[in-house]
Amino acid sequence: MKPPDFDYVAPTSIADAITALGSDSEAKVLAGGQSLIPLLAFRLASPALLVDLARVDGLDHVTDEGDRLVIGAMTRQRGAERDPRLADRCPLLVEALRQVGHPQIRSRGTIGGSVAHADPAGELPGVVLALGGRVHVTGPAGERTIEAEELFQGFLSTAIADDEILTAVELPASGPRTGWSVVEISRRPGDYALCGALCQVEIGDSGSVVGAHLALIGVGDRPMRATAVEAAMLGGASPTEAAALAPEGLSPGSDVHASSDYRLHLATVTSRRALTQALERAV
Ligand SMILES: Cc1cc2nc3c(=O)[nH]c(=O)nc-3n(C[C@H](O)[C@H](O)[C@H](O)COP(=O)(O)OP(=O)(O)OC[C@H]3O[C@@H](n4cnc5c(N)ncnc54)[C@H](O)[C@@H]3O)c2cc1C
């Protein structure tokens, strides 16, 4: 199908983008278009105005702030995947990016677009939640930050207001003796995961686990933090023992791809594999 009619503007500054977004209650931001354009084509969305961020200055960058990495919203997923600083300082993000669709999609899709879209099976929302990141947004009332725990509010729904623009994603940089892993089960390579586990662990001087971060995707209406698994790992449990707790608090739906029970089973399987690999890498 063809999209419904819409107006289109391509501002060059954040201020002009905010003004354009506020000019029509049916306006929507366009980033890489890899989720929004299919929604338009299927007529699942019909915004009156698209505010294209492609020409806005200052949204395409990776900034190393020591213990934090700040990634501009319009940074293309493929560019971030190939950035050596991110490979070194945030390997979980780079490994997750490699599992987003296909290279063609990642060449257009943006970091900010994926996080703002908040697909419950999306890898980048899972990374932001697992690492306890935050997003920077700007709107008519100015700038603010939203912590990952408050950001994802439901199916394709975030705490970003309709008249706000996500300008950057901020993630903690990984330190020494950190291991990471992304394990997904999907029907075909490049498909959204039926269930995925995104995991980072930190090992202390004594060899015990001093940091454990695990988010599960595809098992709810938003990415889910596996807090029981994390607590078990910090308490000295093995990956198998800890992963057995992964279904706690989850109630995934059944659909044509997988039943709820199968997704709960995958939550345990992907968590165990991810924790095991992350520990092996944390040397
Ligand atoms: C065939 C196919 C397979 C895919 N597979 C995967 C996959 O396996 N995993 C995965 O995670 N994703 C997948 N995607 C989606 C892809 O990652 C998209 O790039 C991403 O979801 C949206 O990013 P975008 O830049 O294209 O945003 P757009 O499509 O332009 O926008 C998406 C939504 O976010 C809003 N938005 C975008 N940017 C901002 C901003 N800066 N501030 C406020 N709101 C904003 C838009 O208004 C819109 O509602 C797939 C897409 C396709 C077409």
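Does the stretch 153-164 include one or more residues that are modelled with pLDDT of 95 or more, more than 13 Å from the ligand (Cβ to nearest atom) and among the polar types (S, T, N, Q)? Yes: one or more hits. All conditions in (1) within 20 Å of Cys199 (Cα to Cα); (2) away from the ligand (no atom under 12 Å from the Cβ) hold for Val100, with the sole exception of (2). Contact map, the stretch 258-271: first residue on the phi < 0 side of the Ramachandran plot, second residue of a type in the set (Asp, Glu) and at pLDDT 95 or above, Cβ cut-off under 8 Å, separation 6 or more or different chains; pairs are Thr270/Glu184. Of the residues contained in the stretch 165-185, one or more are found to be more than 26 Å from Ala73 (Cα to Cα), open to solvent by 30 Å² or more (accessible area, probe 1.4 Å) and within 14 Å of the ligand (Cβ to nearest atom).
Filtered by the rule that a residue be open to solvent by 40 Å² or more (accessible area, probe 1.4 Å), free of Cβ contacts under 8 Å to residues at least 40 places away in the same chain, within 8 Å of the ligand (Cβ to nearest atom) and not in a helix (DSSP H, G or I), the stretch 11-59 gives a lone residue, Lys28. Residue-level analysis places Ser107 outside the set of residues that are surrounded by fewer than 19 Cβ atoms within 10 Å (Cβ to Cβ), assigned to a loop (DSSP other than H, G, I, E, B) and either touching a strand residue (DSSP E or B) at 6+ places or on another chain (Cβ under 8 Å) or touching a residue at least 12 places away in the same chain (Cβ under 8 Å) (or both). Considering the stretch 76-97, the residues that are more than 18 Å from Val56 (Cβ to Cβ) and touching a residue at least 40 places away in the same chain (Cβ under 8 Å) include one that is farthest from the ligand (Cβ to nearest atom), namely Arg89. What number of residues in the stretch 260-283 are surrounded by 24 or more Cβ atoms within 10 Å (Cβ to Cβ) and either under 18 Å from Leu93 (Cα atoms) or among the β-branched types (Val, Ile, Thr) (or both)? The total comes to 5.
The values are calculated or read from the model by the stated rules, or taken from the named source; none is laboratory data. Source: prediction; values computed, not measured. With ideal geometry, Cβ positions are generated from the backbone for all residues, glycine too; neighbour counts draw on all protein chains shown. We work out accessible area using only protein heavy atoms, side chains counted, and drop any ligands, DNA or RNA first. Shrake-Rupley method; radii C 1.70, N 1.55, O 1.52, S 1.80 Å.
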